[in-house]
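The values are calculated or read from the model by the stated rules, or taken from the named source; none is laboratory data. Fair warning: this is a prediction, and the values are worked out from it, not measured in the lab. We place every Cβ from the backbone using ideal geometry, glycine too, and count neighbours over all the protein chains shown.
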Amino acid sequence: MASYIRKIKKQNVFILLISVVVYLGNVMSTSLNPAAQKEMAADQEKKFAGSASCASCHNDIYKSHIQTAHYHDSRPANQEFIKGSFADGKNRYDYNKWMYVLLQKEDNRFFQTAFINGIEYQKAPFDIVVGSGRKGQTYLYWDGDMLYQLPVSYFTLQNRWCNSPGFSNSFIRFDRIIPAQCLECHSTYAKVLEDKDNISTFDKTQIIYGIDCERCHGPAADHVNFHKEHPGEKDAKYMVSTKNLSRQQRLDACAICHSGFRKQVKQPFTFQTGDNLDKHSVAAFSNDSISTLDVHGNQYGLLMSSKCFKLSQMDCSSCHNVHANEVNSPALFSQRCITCHKETNHSSLQLSDNRQSLLSANCIDCHMPMLPSRNIVLNVEDLDNSVPDTVRTHRIAIYPELMKNFFKVAN
């Protein structure tokens with residue numbers, strides 16, 4: 001009996017030692033990676049209130065902002081947010097005579113179903129809409145806790161379905177994985193469970209769709225609670241205010257999504273306005289080579305290459321009011337050009353007074369024209385050639401050939 005008790009004690013001591021070793025190993029591994037520990041703590045501390053909570057004090061800004069493309073940049077895949085048609089005759093995208101995709105509504109859900117030689121090949125639901133629809137939309141579906149892109153997207157200019165950008169027109173694919181970096185630019189927040197080698201898993205219950213107030217100003221719960229308790233306090237607490245930021249900090253807030261593809265240094269969604277962007281991700285373009293800059297997604301690099309930018313202290317907010325929907329307003333933006341170019345005239349062009357007045361009301365179409373993207377090319381089934389997405393370049397410059405076209409259209 002005594003030997004049996006001694007044996008039990010030895011077993012308990014052994015188990016205790018193993019437990020201590022495991023515990024110390026966890027503590028040491030965490031302490032040896034302070035950056036990871038800090039990121040995890042920061043992620044856990046995010047306290048969102050929802051942009052609707054801003055309306056009680058900032059109602060005009062809130063009502064204006066919810067009309068913007070930023071705010072509608074991603075949404076759950078409900079009928080009100082999907083732009084394409086599911087009506088018979090308009091709900092089919094043909095790859096060739098053997099392959100096509102049907103876009104169908106079943107009860108309250110929407111699906112893309114691929115057929116090869118008339119036989120159903122694969123089917124997946126619309127779960128997330130990406131894109132406000134101003135230029136187009138693409139769609140994602142869940143498989144477990146991973147997101148994938150659906151094969152057919154929507155092209156607003158022609159009001160029809162198209163092959164998803166970058167997809168081959170020779171076969172139908174449902175296997176493009178969506179990394180966290182994509183959601184970082186198309187949503188306010190997504191809880192990332194794991195992110196490695198561009199393969200990400202998410203907590204699908206913790207996604208804040210669209211680019212809302214908290215995407216730029218930071219999680220607002222502490223701010224909202226403080227000012228409810230202190231209604232007389234006029235200085236904003238627990239909130240990022242752009243008026244207190246440097247020029248580069250303001251630029252970084254936009255560049256995280258408008259400087260093309262970037263190489264991640266830290267985990268997605270750890271950057272907050274006011275941080276140094278280069279410590280979170282590194283640009284994949286050369287500032288010295290305009291040829292590396294594409295109009296789609298690389299507006300920050302194009303702006304930096306502009307003489308206007310280099311010879312001034314302008315930043316994105318010099319021209320853009322992100323709280324308002326100012327799309328397709330060349331006259332409005334031209335007035336902002338004139339704040340710095342009051343003395344500019346076009347007498348060297350030897351234009352009539354009528355044409356001179358046209359220029360004073362529209363600097364944009366000549367000096368920041370719409371250009372085709374090399375990165376985003378859309379395949380529309382009944383056209384012989386692919387259709388590039390056109391985007392207004394942010395390289396402010398003189399484009400002689402495009403100016404000629406401008407005057408032709410103006411006449």
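Limited to segment 258-282, what total is found for residues that are among the β-branched types (Val, Ile, Thr) and either loosely packed, with under 12 Cβ neighbours inside 10 Å or in a helix (DSSP H, G or I) (or both)?
Total meeting the criteria: 1.
Looking at segment 208-241, which of its residues are part of a helix (DSSP H, G or I) and either of a type in the set (Ser, Thr, Tyr) or in contact with a strand residue (DSSP E or B) (Cβ under 6 Å, 6 or more places away or on another chain) (or both)?
Hits for segment 208-241 are Glu214, Arg215.
Can you tell me which residues in segment 168-193 are touching a residue at least 40 places away in the same chain (Cβ under 8 Å) and either within 22 Å of Ile116 (Cβ to Cβ) or not assigned by TED's automatic domain parsing to the domain that holds Tyr95 (or both)?
Across segment 168-193, the qualifying residues are Asn169, Ser170, Phe171, Ile172, Phe174.
Being modelled with pLDDT of 75 or more and small (Gly, Ala, Ser) is the filter; apply it to segment 338-384 and report the residue that is nearest to Asn169 (Cα to Cα).
Only one residue tops the list, namely Ser373.
Just give me the residues in segment 168-204 being within 30 Å of Cys57 (Cα to Cα) and touching a strand residue (DSSP E or B) at 6+ places or on another chain (Cβ under 8 Å), in sequence order.
Leu183, Glu184, His186, Ser187, Thr188, Tyr189, Ala190, Lys191
Do you know which residues across segment 132-145 are modelled with pLDDT of 95 or more, crowded, with 18+ Cβ neighbours inside 10 Å and of a type outside the set (S, T, N, Q)?
Tyr139, Leu140, Tyr141
Name the single residue, out of those in segment 314-336 being touching a residue at least 40 places away in the same chain (Cβ under 8 Å) and closer than 21 Å to Tyr300 by Cβ, that is surrounded by the fewest Cβ atoms within 10 Å (Cβ to Cβ).
Val327
Name the single residue, out of those in segment 66-87 being charged (D, E, K, R) and under 17 Å from the mean Cα position of the chain (by Cα), that is farthest from Asp127 (Cα to Cα).
By that ranking, first place goes to Asp73.
Exactly one of these conditions fails for Arg75: (1) assigned to a strand (DSSP E or B); (2) surrounded by fewer than 19 Cβ atoms within 10 Å (Cβ to Cβ). Give me its number.
Every listed condition holds for Arg75 apart from (2).
Looking at segment 49-67 only, could you name the residues that are closer than 19 Å to Lys234 by Cβ and either without any contact (Cβ under 8 Å) to a residue 24 or more places away in the chain or surrounded by fewer than 18 Cβ atoms within 10 Å (Cβ to Cβ) (or both)?
Across segment 49-67, the qualifying residues are Ala55, Ser56, Cys57, His58, Asn59, Asp60, Ile61.
Checking Ala255 against (1) among the small types (Gly, Ala, Ser); (2) surrounded by fewer than 20 Cβ atoms within 10 Å (Cβ to Cβ); (3) outside the structural domain of Val192 (by TED's automatic domain parsing), which single condition isn't satisfied?
(2)
Going by what's in this entry, would His70 be described as out of contact with any His (no Cβ under 6 Å at 6 or more places or on another chain) and surrounded by 15 or more Cβ atoms within 10 Å (Cβ to Cβ)?
Yes.
Inspect all residues belonging to segment 245-262 and state whether any of them is of a type outside the set (Lys, Arg) and farther than 23 Å from His70 by Cβ.
No, that holds for no residue.
Of the residues Gly210, Gly166, which is surrounded by 14 or more Cβ atoms within 10 Å (Cβ to Cβ) and at positive phi?
Answer to the check: Gly210.
Applying the selection to segment 294-315, what residues are touching a strand residue (DSSP E or B) at 6+ places or on another chain (Cβ under 9 Å) and not in a loop (DSSP other than H, G, I, E, B)?
Of all residues in segment 294-315, those touching a strand residue (DSSP E or B) at 6+ places or on another chain (Cβ under 9 Å) come to 294-301.
Passing the criteria: Gln299, Tyr300, Gly301.
Spot the failing condition for Val327; the list is (1) out of contact with any Lys or Arg (no Cβ under 8 Å at 6 or more places or on another chain); (2) modelled with pLDDT under 90; (3) assigned to a loop (DSSP other than H, G, I, E, B); (4) not polar (S, T, N, Q), and only one is missed.
Against the list (1) out of contact with any Lys or Arg (no Cβ under 8 Å at 6 or more places or on another chain); (2) modelled with pLDDT under 90; (3) assigned to a loop (DSSP other than H, G, I, E, B); (4) not polar (S, T, N, Q), Val327 comes up short only on (1).
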